[in-house]
Amino acid sequence: MNRDEAWQILCEYTKGEPLRKHGLAVEAAMRAYARKLGGDVETWGIVGLLHDFDFEMHPTAAEHPAKGAPILRERGVPEEIVHAVLCHAPYLEELGVQRENDMDRAIFAVDELAGFVIAVTLVRPNKSIDEVDVRAVRKKMKDKGFARTANREDITGGAEVLGVDLDEHIAFVIESLKPVAGELGIGGVANSK
């Protein structure tokens, strides 16, 4: 499987631009962690792109990503990618999977955090990721009224599962999003598309 094939699957099942952008953000963070941890950059990136491909069809924990996995298998997606996609969910026991390697752990660790970092960026005056740092993210994490659907326990638990310090993890994800900031709409109001 290559990135173009993964992008086609994402676009076929995900019509909303925000969820597509989320896939791009998680892809960027996964690629960065693959480089850091010695993983296959393409494979890890594809996991990031596809992790929520079925969310519009199956928006509940009872269905997502369990009902998406058979679709990926029917499309010929390699099992290691399908497995990692399943591992992004916090409810592994219900899915009958375990996080077995760094890729499985990284997708869980970056998913919620990537979305949260983008939310923090979008409330900055210039909507630029260059204005976001660890302190800003940690401050917003304490504000339960901000980005209410973002699960703070998944963010902190993700760093723990990956075996990294939370502040280092936040800083790493912020940096990983900077190269794709324009695509994500977080490059600043002067640079937005």
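The values are calculated or read from the model by the stated rules, or taken from the named source; none is laboratory data. The shown structure was predicted, so the numbers you read here are calculated from the model rather than taken from an experiment. No Cβ is skipped: glycine too gets one built from the backbone with ideal geometry, and neighbour counts run over all protein chains shown.
Table for the structure above
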| read-out | value |
| --- | --- |
| Test for MET30: is it farther than 20 Å from ARG99 by Cβ and either of a type outside the set (Lys, Arg) or part of a helix (DSSP H, G or I) (or both) | no |
| Failed criterion for GLU63 (all others in (1) on the phi < 0 side of the Ramachandran plot; (2) touching a residue at least 24 places away in the same chain (Cβ under 8 Å) hold) | (2) |
| Which listed residue, of VAL132, VAL161, VAL137, VAL189, is over 19 Å from LEU19 (Cα atoms), surrounded by fewer than 20 Cβ atoms within 10 Å (Cβ to Cβ) and modelled with pLDDT of 95 or more | VAL161 |
| Given (1) under 16 Å from the mean Cα position of the chain (by Cα); (2) assigned to a loop (DSSP other than H, G, I, E, B); (3) closer than 26 Å to ILE174 by Cα; (4) modelled with pLDDT of 95 or more, index of the condition HIS64 fails | (3) |
| Residue list for the range 124-140, filter: over 17 Å from HIS169 (Cα atoms) and out of contact with any helix residue (DSSP H, G or I) (no Cβ under 8 Å at 6 or more places or on another chain) | ASN126 |
| Matching residues, the range 137-180, being touching a residue at least 60 places away in the same chain (Cβ under 8 Å) and over 20 Å from ASP104 (Cβ atoms) | GLU175, LEU177, PRO179, VAL180 |
| Scope the range 73-102; condition within 25 Å of GLU153 (Cβ to Cβ) and exposed (fewer than 13 other Cβ atoms within 10 Å of the Cβ); matching residues | TYR91, GLU93, GLU94, GLY96, GLN98, GLU100 |
